[in-house]
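Below you'll find the structure, written out as C-alpha cells, and then a few comments.
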Amino acid sequence: MSSNRFNWFRFSSPATFYPLAGRLVPWFSAIAIILIVIGLYMSFFVAPTDYKQGEGYRIIFVHVPASWMSMFIYLVMAFWAIIGLVFNTRVSGMMVQSLAPTGALFTFLALWTGAFWGKPMWGTWWVWDARLTSELILFFLYIGYIALHSSIDDKRRADRASAILVLVGVVNIPIIYYSVKWWNTLHQGASVSVKSGSSMASIMLITMLIMALGFWFYSIAVALARVRSIILERERDANWVSELPEIKR
Amino acid sequence: MKARQKRLIFILLGLVALGLAAWLVFNALGSNMSYFYSPTEVVQKKAPQDHLFRLGGMVVKGSVQRGQELTVRFAVTDTANVVDVEYTGILPDLFEEGQGVIAQGKLGKNGVFVASEVLAKHDENYMPPEVADALQKAGQKTSGETK
C-alpha cells in the first residue's frame with residue numbers, strides 16, 4: 001500500500017483503535033438518543049392510526065428496525081470475520097465479539113415484539129413458519145457464537161474458530177430476508193424493499209426509518225464502547241495499556 | 001499469490017459451496033417449507049387427505065355464516081378455487097370477509113375443511129383510515145391479496 005494513501009491498517013492495532021473508539025462513542029450515543037426520542041415520539045403521537053390494525057400496528061416501529069438490525073449486525077460480524085481470517089488483524093476479532101451481544105439483543109427484541117404483535121393480529125404468539133423459524137435460528141447463531149467464543153481460553157484461537165461459525169451461519173440471512181417470498185408464510189411480505197419501494201403511508205415510513213437510524217447509531221455506540229472493554233481485557237499485559245492515563249493513576 | 005489472498009479465495013469458495021448446498025437442500029424440500037396449502041392444491045388433492053394440514057387463502061365475501069353457538073362456516077379462496085371451512089371457536093380480531101386467513105385442520109369426507117385453529121393473515125400495507133377510504137372510493141382494492 002502506498003504511503004500517501006490513508007492507511008486503514010493503522011486502526012487494526014488495538015493501541016490506535018482504542019482512543020479512536022473512545023472519541024467516537026459520545027457522538028454516536030448522543031445522536032442515537034436524539035433519533036430514538038424523536039422516533040418514539042413520532043411512533044406514539046405523530047404517526048396515524050392504521051386502517052385495519054388500529055393502534056396495535058405501532059409496534060412495527062420497534063419490530064421492523066429491530067429485525068433489520070438483527071440481520072444487518074450479523075452481516076457486519078461476517079464482514080469482520082472475513083477481514084480477521086484474511087488479514088489476521090486483532091481488532092477484527094474483537095469487533096465480531098463486541099457486536100454479538102447487540103445482535104442477539106435485537107434478534108430477541110424482534111422475536112419478542114413479533115410475538116406481542118402476533119397475538120392480537122394473527123391470533124397466536126408463535127407459529128413455525130419459515131420467517132419466524134429462520135429468525136429464531138439467527139438467535140441461536142448469536143447465542144452459539146457467544147458460547148463458542150467464551151468457551152475457548154486462547155482468545156486469538158477463539159476468534160478464528162468462531163469466525164468460521166459466523167461465516168457458516170451467514171447463509172441464514174438471505175433465507176430470513178426472502179422467506180416470505182419463497183414460501184407461503186403466515187408472516188406478511190416486506191412493506192419496504194429496494195425494488196418495489198414502500199407500501200406504507202409516508203409518515204409511517206419516515207417514523208420507522210428514524211427509529212432504524214437511531215438503532216444504527218445505538219448499535220455503533222454500544223459496539224465501540226464494548227470493544228474498548230474487550231481491548232483492555234485482552235491487552236492488559238501490553239505496555240501501552242499500563243501507560244493509559246485512566247489506568248495509570 | 002500471497003497467503004492472505006489464498007485465505008480470501010478459500011473463504012469465498014467456502015461461502016459459495018455453502019450457498020450452493022443450502023440452495024440444493026431448499027430445492028429438495030420444495031413446497032414442504034410452505035406453511036400452508038392453497039385451495040387450488042386442496043382441490044387438486046395435493047394436500048394431505050387424512051391428516052392435519054393448514055389451508056390459507058382469502059375469506060370469500062358474503063360466505064361467512066354464523067351458526068348456533070360458536071360454529072362458523074365460511075369459504076376460502078385463492079381466486080381460482082374455493083374450499084368450504086367449518087370452525088368452532090373464537091376468531092381473531094382481524095378475521096373479516098375479503099381478508100387473509102390460515103386455518104389448521106382436516107379435510108372431511110364431504111370436502112369441507114374442519115378447522116381446529118384459525119389465524120388471520122394480514123398484508124404489508126399500512127395507511128391511515130382516510131387514505132384507505134379514499135382508495136376504496138377510487139375503486140382500488142386495498143385489502144390484501146394472499147400469496
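Observations on the model:
- Matching residues in region A:174-188 - criterion: being within 11 Å of chain B (Cβ to nearest Cβ) and crowded, with 17+ Cβ neighbours inside 10 Å: A:I175, A:S179, A:V180, A:W183, A:N184, A:T185, A:L186, A:H187, A:Q188
- Test: residue in region B:88-104 that is within 14 Å of chain A (Cβ to nearest Cβ), polar (S, T, N, Q) and under 16 Å from the mean Cα position of the chain (by Cα): yes
- Number of positions in region A:47-89 that are in contact with a strand residue (DSSP E or B) (Cβ under 6 Å, 6 or more places away or on another chain) and in a helix (DSSP H, G or I): 1
Yes or no, residue by residue, for (1) in a loop (DSSP other than H, G, I, E, B); (2) surrounded by 16 or more Cβ atoms within 10 Å (Cβ to Cβ); (3) in contact with a strand residue (DSSP E or B) (Cβ under 9 Å, 6 or more places away or on another chain); (4) not assigned by TED's automatic domain parsing to the domain that holds B:D123:
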| site | (1), (2), (3), (4) |
| --- | --- |
| B:A28 | no, no, no, yes |
| B:G57 | no, yes, yes, no |
| B:E69 | yes, no, yes, no |
| B:A80 | yes, no, no, no |
| B:P92 | yes, yes, yes, no |
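- Some residue of region A:18-28 being in a helix (DSSP H, G or I), surrounded by fewer than 21 Cβ atoms within 10 Å (Cβ to Cβ) and under 17 Å from the mean Cα position of the chain (by Cα): yes
- Residue match in region B:7-29 (condition: farther than 20 Å from B:A80 by Cβ, touching a Phe, Trp or Tyr at 6+ places or on another chain (Cβ under 7 Å) and not charged (D, E, K, R)): no
- Region A:43-62 residues that are more than 7 Å from every other protein chain (Cβ to nearest Cβ) and touching a residue at least 24 places away in the same chain (Cβ under 8 Å), paired with ones that are part of a helix (DSSP H, G or I) and among the charged types (D, E, K, R) (beta carbon under 8 Å, 6 or more apart): A:S43/A:R58; A:A47/A:R58
- Counting only helices (runs of 4 or more DSSP H) wholly contained in region A:108-194, the ones carrying 2 or more residues that are closer than 19 Å to B:L55 by Cα occupy A:130-151, A:172-182.
- Residue within region A:111-121 that is out of contact with any Cys (no Cβ under 9 Å at 6 or more places or on another chain) and within 24 Å of B:L8 (Cα to Cα) present: no
- Cross-chain or 6+ apart pairs with Cβ under 7 Å, region A:168-181 first and within 11 Å of A:L141 (Cα to Cα) and at pLDDT 90 or above, then β-branched (V, I, T) and assigned to a helix (DSSP H, G or I): A:N172/A:I137
- Residues satisfying the stated conditions in region A:195-217, i.e. surrounded by fewer than 21 Cβ atoms within 10 Å (Cβ to Cβ), in contact (Cβ under 8 Å) with a residue 12 or more places away in the chain and more than 10 Å from A:P65 (Cβ to Cβ): A:A201, A:I203, A:L205, A:I206, A:F217
- Those residues of region A:70-79 which are buried (at least 23 other Cβ atoms within 10 Å of the Cβ) and not polar (S, T, N, Q), in sequence order: A:I73, A:Y74, A:M77
- Odd one out for B:N110 among (1) loosely packed, with under 11 Cβ neighbours inside 10 Å; (2) assigned to a helix (DSSP H, G or I): (2)
- Residue satisfying condition, being in contact (Cβ under 8 Å) with a residue 12 or more places away in the chain and hydrophobic (A, V, I, L, M, F, W, C), within set B:F10, B:F26, B:F53: B:F53
The values are calculated or read from the model by the stated rules, or taken from the named source; none is laboratory data. Please read all numbers here as calculations on a predicted model, not as lab measurements. We place every Cβ from the backbone using ideal geometry, glycine too, and count neighbours over all the protein chains shown.
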